Amino acid sequence: MSFRNRVGIELVADLYSPKRLRGRAPALIVGHPFGGVKEQTSGLYAQTTAERGFVTLAFDASCNGESGGRPRHIASLETFGEDFSTAVDYLGTRRYVARDRIGVIGVCASGGFSLSAAQIDPRLKAVATVSMCDMGRAYRDGQGYAPVPSERNSVEERKRALPKRPSSGGPSPTAARCAMAAEARCRCSRPSRQRPTSSPSTTPPRGASTHALTP
């Protein structure tokens, strides 16, 4: 099936339901890893949880898979969060779904996106993540949050790779901005930088419930 999110992008999804469905059942929305599609990991989780009594929905995120949106294959936190809320909208119109018992499973990058969605959408009553990845921090600090110096280009190497102005021989304004951004990124990987440690919060997202969804 397909439905449109608030941004106007058409989302394509697969809906799974238990073989013996009586009354209104709890539902789960399953988000795929970054770069994945609904027929892969999220589809497997959706099918398996449907066998355990849940109505489940696995969808292709905006700009990915069969869903619409351009440019293709991008990550947009705001849009992906809206995708989860739109999936709640759709499930809420199904007569066999208990609207007050809708949860979400986020796999890899969707783990972070689903948490963001649950913070602003109180209709998501439970959240579970699998191998969650913080995409924002990964882009800022590198995958694994510990960049390997030998795998990073130095600032000088980046500057040499930038295009030069034919007239003056110096770097163009765009190249200069790129060099400044590269230098800032390199500073993030210096060993002298210490990151504060913090313990995970036990407070649930605002509007979310701590009780488990059981069939």
**Item:** Residues located in the stretch 75-102, provided they are assigned to a loop (DSSP other than H, G, I, E, B) and either closer than 18 Å to SER42 by Cα or not β-branched (Val, Ile, Thr) (or both)
**Value:** ALA75, SER76, ARG94, ARG95, TYR96
**Message:** On the basis of being touching a helix residue (DSSP H, G or I) at 6+ places or on another chain (Cβ under 9 Å), among the hydrophobic types (A, V, I, L, M, F, W, C) and either part of a helix (DSSP H, G or I) or open to solvent by less than 10 Å² (accessible area, probe 1.4 Å) (or both), does ALA128 make the cut?
**Reply:** no
**Request:** Return the total of residues in the stretch 47-64 being at pLDDT 95 or above, in contact with a Lys or Arg (Cβ under 6 Å, 6 or more places away or on another chain) and either in a loop (DSSP other than H, G, I, E, B) or over 16 Å from LEU28 (Cβ atoms) (or both).
**Result:** 1
**Request:** Select, from THR56, THR48, THR41, the only residue that is buried (at least 24 other Cβ atoms within 10 Å of the Cβ) and polar (S, T, N, Q).
**Result:** THR56
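The values are calculated or read from the model by the stated rules, or taken from the named source; none is laboratory data. Computed from a predicted structure; not experimentally measured. Please note: Cβ atoms are built from the backbone with ideal geometry, for glycine as well, and neighbour counts cover all protein chains shown. Quick note on the areas: whole protein, heavy atoms, side chains included, nothing else; ligands and nucleic acids left out. Shrake-Rupley method; radii C 1.70, N 1.55, O 1.52, S 1.80 Å.
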